[in-house]
Amino acid sequence: MVVMDGEMSSEVQRADFAKAKVLSIPQIAGGTDLLLNVTTGKGDLTFTDAVNGSQFIKANPGKVQAVKFDTPLRLMPNTIAVAGGEERLQNFLNTGIEELENSGVVDRILKRYDASYPGALIRVAKPYMGVK
């Protein structure tokens, strides 16, 4: 299993695949190197996000294949960092993003990319939809 030091692939490996033999590469290598190490036979599998995985598979047909799970192993939200003590700015940004999500703007933007990255762009559940 190819993982990157201190990156999510190494966390998933440690938590869920602790008995796997590991090839760990430094973060300076870059995310594509995880997949390249699989294509060259240095590892049998790795973890990457769905968008980068899709791009790599399109650029390197037949070299690697995606493994599909019923549910994602991990969901990692995107974040925006603000300086410490900037609660008003953080609340402003969070409210703006929530309004974009609830009004359908985010969904319309993501739909543009669904064909290129099928199943990769998971929507946030609307607060009024409840849990399935």
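Starting from residues that are closer than 27 Å to Gly53 by Cβ and either in contact with a strand residue (DSSP E or B) (Cβ under 8 Å, 6 or more places away or on another chain) or among the hydrophobic types (A, V, I, L, M, F, W, C) (or both), keep the ones in segment 114-131 and report whichever is modelled with the highest pLDDT.
Result: Ala115.
State the number of residues belonging to segment 106-129 that are surrounded by 12 or more Cβ atoms within 10 Å (Cβ to Cβ) and of a type in the set (A, V, I, L, M).
The qualifying residues number 5.
Could you give me the residue pairs with C-beta distances under 7 Å whose first residue belongs to segment 79-107 and is closer than 19 Å to Val124 by Cα, whose second residue is of a type in the set (D, E, K, R) wherever it lies, and which are 6+ apart or on separate chains?
The qualifying pairs are Asn102/Lys126; Asp107/Arg123.
Among the listed residues Thr46, Thr71, Thr95, Thr79, which satisfies the condition of being farther than 30 Å from Gln13 by Cβ and among the β-branched types (Val, Ile, Thr)?
Thr95
The conditions are (1) within 29 Å of Gly30 (Cα to Cα); (2) of a type outside the set (D, E, K, R); (3) not in a helix (DSSP H, G or I), and Ala125 fails exactly one of them. Which is it?
So the condition that Ala125 fails would be (1).
Could you go through segment 18-34 and let me know if any residue there is under 18 Å from the mean Cα position of the chain (by Cα), farther than 24 Å from Leu121 by Cβ and open to solvent by 70 Å² or more (accessible area, probe 1.4 Å).
Yes, because at least one residue in segment 18-34 is under 18 Å from the mean Cα position of the chain (by Cα), farther than 24 Å from Leu121 by Cβ and open to solvent by 70 Å² or more (accessible area, probe 1.4 Å).
Restricting attention to segment 7-31, which residues are over 21 Å from Pro72 (Cβ atoms) and out of contact with any Gly (no Cβ under 7 Å at 6 or more places or on another chain)?
Lys19, Lys21, Val22, Ser24, Ile25, Pro26, Ile28, Ala29, Gly30 - these are the residues of segment 7-31 that are over 21 Å from Pro72 (Cβ atoms) and out of contact with any Gly (no Cβ under 7 Å at 6 or more places or on another chain).
Take segment 38-80 and flag every residue that is under 18 Å from the mean Cα position of the chain (by Cα) and open to solvent by 100 Å² or more (accessible area, probe 1.4 Å).
Scanning segment 38-80 gives Lys58, Gln65, Val67, Lys68, Phe69, Asp70, Leu75, Met76, Pro77, Asn78, Thr79, Ile80.
The values are calculated or read from the model by the stated rules, or taken from the named source; none is laboratory data. Given the structure is predicted, the values throughout are model-derived calculations rather than measurements. Heads up, the Cβs are rebuilt from the backbone with ideal geometry, glycines too, and the neighbour counts pull from every protein chain shown. For the accessible areas, the whole protein counts, side chains as well, though only heavy atoms, and no ligand, DNA or RNA atoms are used. Shrake-Rupley method; radii C 1.70, N 1.55, O 1.52, S 1.80 Å.
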